[in-house]
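Okay, structure first, notes after.
The values are calculated or read from the model by the stated rules, or taken from the named source; none is laboratory data. Predicted model only: the values in this text are computed from it and were never measured. Cβ coordinates were reconstructed from backbone atoms using ideal geometry, including for glycine residues, and neighbour counts include every protein chain displayed.
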C-alpha cells in the first residue's frame with residue numbers, strides 16, 4: 001500500500017529535523033518538550049494523545065488511532081532521549097539538523113528520532129485515509145531508554161500495564177539490510193542479548209612501590225582480566241541466529257544449510273558464518289551475536305598522587321552481554337570458573353536483565369516479509385538478534401512479542417554514514433523515505449486485516 005500523498009515524504013524529513021533540534025540528551029533528558037511537539041502534531045490530525053510524566057520533564061507520549069477491536073492493537077514504540085554530543089567533535093552542530101549531501105545530520109537521526117518521525121507521520125497518513133481499522137494503532141514514545149528506561153518504558157509498564165494489551169510491538173534495532181553472496185537480507189530483530197554488569201575486586205597486602213611482588217592486588221586483577229581473552233566467552237547459536245544462518249545458507253543450497261547446521265552444533269560459529277557466505281568483515285561484525293561477551297570498561301586502583309604506594313584493593317568493571325537462555329547465576333559461574341579464585345566477581349549495582357527471543361511464527365513477521373518482498377525485489381527478511389539492549393526488555397516481561405524493524409537500504413558505494421552514538425551521526429534521506437513507506441505499509445496491512 002503506497003502512501004496516500006507524496007507530501008508525507010517531505011513531512012517526515014521536517015518532523016525529524018524538528019525533533020533533532022529539541023535537545024533531549026540524557027541526562028537530563030527533558031523529553032517532555034519532544035512529547036509535546038508530537039502531541040500537537042498528531043492532535044491537529046484528530047489523533048488522541050496523552051502525555052504522562054514519570055517525574056518533571058520526563059515525558060512519555062501515548063497516541064492512538066482506534067479500530068473496531070476485531071484484533072488486538074499494533075504498537076509502535078520508541079524513545080525520545082539521545083546520548084550526549086560534543087559539538088567540537090562534529091562537522092556540523094549536533095542539534096541543528098542540517099541537511100548536507102543527502103543526509104540529515106544530528107544527534108538522534110539514527111537512534112532513534114528517525115523512527116519516531118516515521119511512526120508519527122505513518123499515524124498522520126493513516127488518519128488521513130478516514131478508513132476504519134480492524135485494530136487500534138498505538139504509538140508510545142518514551143523517555144530514558146539510554147539509561148535503562150526507568151523513567152520511561154519501564155515506568156509505564158509498572159504504572160499502566162493495561163496499556164500493553166497488544167498483539168505485538170514494532171521497535172528499533174532491526175531492519176538494516178545485509179548483503180551475503182550478492183543477495184540482500186533485511187534483518188528483523190526478534191531477539192536481544194541480556195546484560196549482566198559485573199564488578200571484579202582483587203585484594204592483597206599493600207606496601208611500598210619500591211618492593212614489587214607477584215601477589216599485589218593490581219597484578220592479581222590484571223592476570224584475571226587477561227583470562228577473558230578477546231571477550232568472546234561461550235559460543236552458542238540461539239534459535240533466532242540458527243534460523244537466520246540456515247535461511248541464508250539455504251538460499252545457496254540445502255547441502256550448504258546442512259553443513260552450517262553441523263558447524264553450529266560443534267560450536268564453530270565463525271566457520272558456520274563463512275560457510276553461509278559471510279565475508280571476513282561481516283564475520284567480525286556479527287560474531288558477538290553468537291557469544292556471551294565481556295568488555296572491560298573501567299579500572300580503579302591506587303592514587304596517582306601516591307604513586308609509590310601499592311594499593312590493597314584493585315577493582316574492574318566489566319560490561320557483559322549474555323545470550324538468551326543464559327542466567328545470572330550461570331554466567332557468573334562461567335566467569336569464576338574461567339579466571340579461578342584470584343578475584344571476587346559479583347553483580348554491579350544489581351544491573352542484570354536476561355535476554356529474550358520472540359517467535360518467527362507471529363503474523364506481524366509474515367506481514368513484514370510480504371511488505372519487503374513488494375518494496376525490495378529479491379530481498380528476504382530473516383530473524384536477527386541485537387548485541388545490545390532496548391526497551392523491549394520491559395515489554396517481554398508482560399508477554400508482548402517485540403519485533404525490531406526500522407528498514408534501511410544499504411548505502412550506495414562511496415557514500416558513508418555514521419550511526420547510533422557516533423560523532424557526525426546522520427541518516428540518508430532516501431532511507432528515511434524508505435522507512436516511512438515500509439512502516440506505513442506494514443501498519444496498514446496489519447491494522448486492516450485480522
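For the range 73-94, filtered to residues that are in contact with a helix residue (DSSP H, G or I) (Cβ under 7 Å, 6 or more places away or on another chain) and surrounded by fewer than 21 Cβ atoms within 10 Å (Cβ to Cβ), the residue that is farthest from residue 58 (Cα to Cα) is 93. Evaluated against (1) assigned by TED's automatic domain parsing to the domain that holds residue 443; (2) over 30 Å from residue 103 (Cβ atoms), residue 327 falls short on exactly one condition, (1). When the range 63-98 is filtered for residues that are touching a residue at least 12 places away in the same chain (Cβ under 8 Å) and not in a loop (DSSP other than H, G, I, E, B), the ones remaining, listed by number, are 63, 64, 65, 74, 75, 76, 77, 78, 79, 82, 89. Assess whether residue 440 counts as being crowded, with 17+ Cβ neighbours inside 10 Å, at pLDDT 95 or above, assigned to a strand (DSSP E or B) and assigned by TED's automatic domain parsing to the domain that holds residue 94. No, not satisfied.
Screening 178, 216 for residues that are within 19 Å of the chain's Cα centre (by Cα) and either crowded, with 17+ Cβ neighbours inside 10 Å or within 30 Å of residue 427 (Cα to Cα) (or both) leaves exactly one candidate, 178.
Within the range 358-377, is there a residue that is assigned to a strand (DSSP E or B), in contact with a strand residue (DSSP E or B) (Cβ under 9 Å, 6 or more places away or on another chain) and buried (at least 22 other Cβ atoms within 10 Å of the Cβ)? Please lay out each step first, then the result.
Our first condition is that a residue be assigned to a strand (DSSP E or B); within the range 358-377, this holds for none.
Scanning the range 358-377, I find no residue that is assigned to a strand (DSSP E or B), in contact with a strand residue (DSSP E or B) (Cβ under 9 Å, 6 or more places away or on another chain) and buried (at least 22 other Cβ atoms within 10 Å of the Cβ), so the answer is no.
The combined condition, being out of contact with any strand residue (DSSP E or B) (no Cβ under 8 Å at 6 or more places or on another chain) and either more than 20 Å from residue 399 (Cα to Cα) or modelled with pLDDT under 95 (or both), is fulfilled by residue 330. Restricting attention to the range 55-67, the residues being surrounded by fewer than 21 Cβ atoms within 10 Å (Cβ to Cβ) and either within 20 Å of residue 169 (Cβ to Cβ) or under 23 Å from the mean Cα position of the chain (by Cα) (or both) number 4. Restrict the check to the range 420-431 and report whether at least one residue is crowded, with 20+ Cβ neighbours inside 10 Å and over 30 Å from residue 96 (Cα atoms). Looking for residues that are crowded, with 20+ Cβ neighbours inside 10 Å and over 30 Å from residue 96 (Cα atoms), one finds none in the range 420-431, hence no.
Selection of the range 328-357 for residues being assigned to a loop (DSSP other than H, G, I, E, B), loosely packed, with under 15 Cβ neighbours inside 10 Å and in contact with a helix residue (DSSP H, G or I) (Cβ under 9 Å, 6 or more places away or on another chain) yields only 340. Highlighted here are the helices (runs of 4 or more DSSP H) found entirely within the range 223-311 that include at least 1 residues which are touching a strand residue (DSSP E or B) at 6+ places or on another chain (Cβ under 6 Å): 239-250, 269-276.
Table: residues versus (1) in the same structural domain as residue 31 (by TED's automatic domain parsing); (2) part of a loop (DSSP other than H, G, I, E, B).
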site	(1), (2)
115	yes, no
121	yes, no
156	yes, no
177	yes, no
189	no, no
210	no, yes
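When 246, 234, 252 are checked against the criterion of being closer than 30 Å to residue 298 by Cα and buried (at least 16 other Cβ atoms within 10 Å of the Cβ), 234 stands alone in meeting it.
Does the range 33-48 contain at least one residue that is assigned by TED's automatic domain parsing to the domain that holds residue 409 and over 30 Å from residue 446 (Cα atoms)? Yes, the range 33-48 contains at least one residue that is assigned by TED's automatic domain parsing to the domain that holds residue 409 and over 30 Å from residue 446 (Cα atoms).
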